[in-house]
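A.B. asks: Take a look at this one; I'll ask things after.
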Amino acid sequence: MAKYTCRIEGDKALYPVLLSNGNLIKQGDLEGGKHYALWEDPFKKPCYLFALVAGQLECREDSFVTCSGRKVTLRIWTPAQDLPKTSHAMYSLKEAMKWDEEVFGLEYDLDLFNIVVVPDFNMGAMENKSLNVFQSRLVLASPEAATDGDYAAILGVIGHEYFHNWTGNRVTCRDWFQLTLKEGLTVFRDQGAEVVRMYKTMFGASGFRKKEEEFVFNNVSERPVPSLLRVYSAPIRLDSDLTESDLYFLLANDSDEFNRWEAGQVLARKLMLSLVADFQQQKTLALNPKFVDGLRAILRSTILDKEFIAKAITLPGQGEIMDMMPVADPDAVHAVRTFIKKELAIQLKDDLLAAVSSNRSSEAYTFNHDSVARRALKNTCLAYLVSLNEPDVTELALNEYNSATNMTEQFAALAALSQNPGQVRDDALLDFYNKWQYDYLVVSKWFALQATSDIPGNVANVQKLLAHPAFDMRNPNKVYSLIGGFCGSPVSFHAKDGSGYKFLGEVVLQLDKINPQVASRMVSAFSRWRRYDETRQALAKAQLEMIIAANGLSENVYEIALKSLAA
């Protein structure tokens with residue numbers, strides 16, 4: 001650990017901005033068209049928190065007055081063309097600073113806080129002391145080019161990196177073996193709202209409670225169905241003797257939204273696992289009508305929060321179900337999830353159509369709970385409907401796509417249309433690219449949407465996209481979107497013929513020569529290869545062995561591939 005004073009000199013025309021950690025002590029011009037900047041960080045830090053940035057950047061500047069009355073200058077640096085997209089990031093930074101003071105009593109300790117936006121940054125973000133470095137997608141946002149999910153991610157990640165100022169920077173790691181402690185403590189803090197609410201729920205005004213308590217209810221006229229741990233937010237696993245009938249009752253009637261959602265998820269997981277077994281035994285699939293009735297009751301509610309409704313009617317993901325199986329079967333899980341989704345769309349079609357219609361809005365985009373919830377419900381219902389692949393709902397989705405005034409709704413409509421292979425899908429994807437080809441972050445979404453698709457033969461589609469003029473293997477964000485997105489598709493990546501594994505193996509070797517760090521992240525997709533059937537195990541193992549045997553392999557990729565092979 002050491003205190004750093006950093007003097008930077010550079011050509012003023014080529015590098016007009018010179019940044020490092022701490023406070024700017026002095027700056028000025030030098031002979032020969034050069035200039036300098038002197039930075040001083042008064043606090044000791046390990047070298048991994050040192051940063052230096054020089055380039056042609058412009059900044060959005062604001063300020064924050066701390067609880068002790070100090071004025072802190074805030075600057076977000078980015079290429080000039082991206083500056084208009086930094087307003088939400090600045091809002092997020094100020095909210096994080098305010099939160100850290102109000103909840104943890106931690107005041108920022110310098111006079112200046114800088115964020116630098118780097119399109120080609122390998123990581124998502126890095127908490128270098130007072131000079132945070134971010135990938136563009138986690139800072140830049142505008143209603144027409146970013147989704148609600150993007151806005152939420154920016155709010156969360158900027159907060160997380162800022163919170164590292166005290167948990168990670170001032171209180172730092174002795175060595176890399178403490179990395180999980182540093183990250184764990186910061187995650188604890190950026191999820192602090194839930195932790196504080198949990199304590200309030202547990203202890204309340206009456207103070208501490210006993211470790212164990214027994215409650216006896218007398219004169220109960222009929223068998224009750226308990227709603228357990230109401231308003232409780234601790235991350236726990238609960239075993240109970242609730243029957244399937246109890247869960248269906250809670251799904252339809254529980255006034256605690258989390259418990260109602262959890263009842264639905266438990267039932268959905270049980271249902272999906274049961275149908276997977278039926279599918280594997282070539283039995284006819286049938287959907288329990290009680291499950292449909294439970295979701296119908298939620299969908300028709302005029303009292304429940306719309307974001308809750310959207311989450312409650314969303315089925316568990318394919319990966320979640322595969323994790324519950326002794327031997328993961330991607331094809332069976334995909335077939336079952338597709339069956340349930342279509343069956344729900346058939347039986348709830350009128351309700352889904354009503355939800356889409358009633359949640360349209362012509363108002364200007366705002367990022368607040370009510371607006372996000374409305375869009376989430378509308379988009380979830382639209383995805384169900386388009387899974388039917390019927391002319392009327394396809395036309396509905398096209399209208400939603402063409403009339404959308406923000407990226408959240410436009411991209412959701414495109415995603416819905418992309419579920420079904422055919423000319424409509426191809427035309428919509430081409431139209432979207434033509435509209436947004438000059439916005440590299442939106443193009444990355446376009447790559448990711450196609451990469452994660454479960455349509456038949458998608459391995460070949462993704463291989464073609466490697467040659468697309470907008471794809472650049474040197475850009476980490478493009479790689480994460482296309483290659484990383486493909487690895488997240490259980491059906492395509494785990495194709496029974498091994499084509500997905502072969503594709504990744506070849507790409508990893510290409511990428512390793514360009515960016516070993518990113519390549520090592522891609523090869524980690526093989527790390528759970530033993531979870532699958534013997535055929536898939538053999539095919540995945542062969543690719544890992546091929547990677548390890550390659551000449552000139554980087555240490556990064558070799559280490560991850562070797563660990564994956566031995567896992």
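A.B. asks: When only residues in segment 50-88 that are in a strand (DSSP E or B) and open to solvent by 70 Å² or more (accessible area, probe 1.4 Å) count, which is farthest from residue 367 (Cα to Cα)?
C.D. replies: 52
A.B. asks: Could you say whether any residue in segment 405-417 is in contact with a helix residue (DSSP H, G or I) (Cβ under 8 Å, 6 or more places away or on another chain) and modelled with pLDDT under 95?
C.D. replies: no
A.B. asks: Something else about it: Could you please give the count of residues in segment 352-383 that are surrounded by fewer than 22 Cβ atoms within 10 Å (Cβ to Cβ), of a type outside the set (A, V, I, L, M) and in a helix (DSSP H, G or I)?
C.D. replies: Residues meeting the conditions: 6.
A.B. asks: Of all helices (runs of 4 or more DSSP H) completely enclosed by segment 384-485, which ones contain at least 2 residues that are under 26 Å from residue 510 (Cα atoms) and open to solvent by 40 Å² or more (accessible area, probe 1.4 Å)?
C.D. replies: Answer list for segment 384-485: 458-465.
A.B. asks: Among the residues of segment 326-351, write down those that are in a loop (DSSP other than H, G, I, E, B) and open to solvent by 50 Å² or more (accessible area, probe 1.4 Å).
C.D. replies: Correct list: 326, 327.
A.B. asks: The conditions are (1) in contact with a helix residue (DSSP H, G or I) (Cβ under 7 Å, 6 or more places away or on another chain); (2) modelled with pLDDT under 90; (3) open to solvent by 40 Å² or more (accessible area, probe 1.4 Å), and residue 217 fails exactly one of them. Which is it?
C.D. replies: (1)
A.B. asks: Here is a list: 151, 162, 91, 108. Which entry is open to solvent by 50 Å² or more (accessible area, probe 1.4 Å) and among the hydroxyl-bearing types (Ser, Thr, Tyr)?
C.D. replies: Exactly one of 151, 162, 91, 108 is open to solvent by 50 Å² or more (accessible area, probe 1.4 Å) and among the hydroxyl-bearing types (Ser, Thr, Tyr), namely 91.
A.B. asks: Continuing with this model, one more query. Taking segment 505-520 as the search range and keeping residues that are assigned to a helix (DSSP H, G or I) and without any contact (Cβ under 8 Å) to a residue 40 or more places away in the chain, which one is most open to solvent (accessible area, probe 1.4 Å)?
C.D. replies: Taking the candidates together, the pick is 510.
A.B. asks: Just need a number here: residues in segment 40-49 that are in contact with a Gly (Cβ under 6 Å, 6 or more places away or on another chain) and either open to solvent by 30 Å² or more (accessible area, probe 1.4 Å) or among the β-branched types (Val, Ile, Thr) (or both).
C.D. replies: So the answer is 1.
A.B. asks: Can you find a residue that is over 20 Å from residue 169 (Cα atoms), touching a strand residue (DSSP E or B) at 6+ places or on another chain (Cβ under 8 Å) and of a type in the set (Ser, Thr, Tyr) anywhere in segment 29-42?
C.D. replies: yes
A.B. asks: Just to be sure, is residue 310 modelled with pLDDT of 95 or more, surrounded by 15 or more Cβ atoms within 10 Å (Cβ to Cβ), of a type outside the set (Asp, Glu) and closer than 30 Å to residue 369 by Cα?
C.D. replies: So residue 310 fits the description; yes.
A.B. asks: Further question on the same structure: For segment 268-293, which residues satisfy the criterion of being outside any loop (DSSP other than H, G, I, E, B), open to solvent by less than 50 Å² (accessible area, probe 1.4 Å) and under 13 Å from residue 340 (Cβ atoms)?
C.D. replies: 268, 269, 271, 272, 275, 276, 278, 291, 292
A.B. asks: If the requirement is being in contact (Cβ under 8 Å) with a residue 12 or more places away in the chain, touching an Asp or Glu at 6+ places or on another chain (Cβ under 9 Å), of a type outside the set (S, T, N, Q) and closer than 22 Å to residue 481 by Cα, which of these qualifies: 115, 158, 154, 76?
C.D. replies: Step by step, each of 115, 158, 154, 76 is checked, and only 158 is in contact (Cβ under 8 Å) with a residue 12 or more places away in the chain, touching an Asp or Glu at 6+ places or on another chain (Cβ under 9 Å), of a type outside the set (S, T, N, Q) and closer than 22 Å to residue 481 by Cα.
The values are calculated or read from the model by the stated rules, or taken from the named source; none is laboratory data. On a predicted model such as this, the values are computed, not experimentally measured, just so you know. Neighbour counts are summed over all protein chains in view; Cβ atoms, including those assigned to glycine, are modelled from backbone coordinates with ideal geometry. Only protein heavy atoms, including side chains, enter the accessible area calculation; ligands, DNA and RNA are left aside. Shrake-Rupley method; radii C 1.70, N 1.55, O 1.52, S 1.80 Å.
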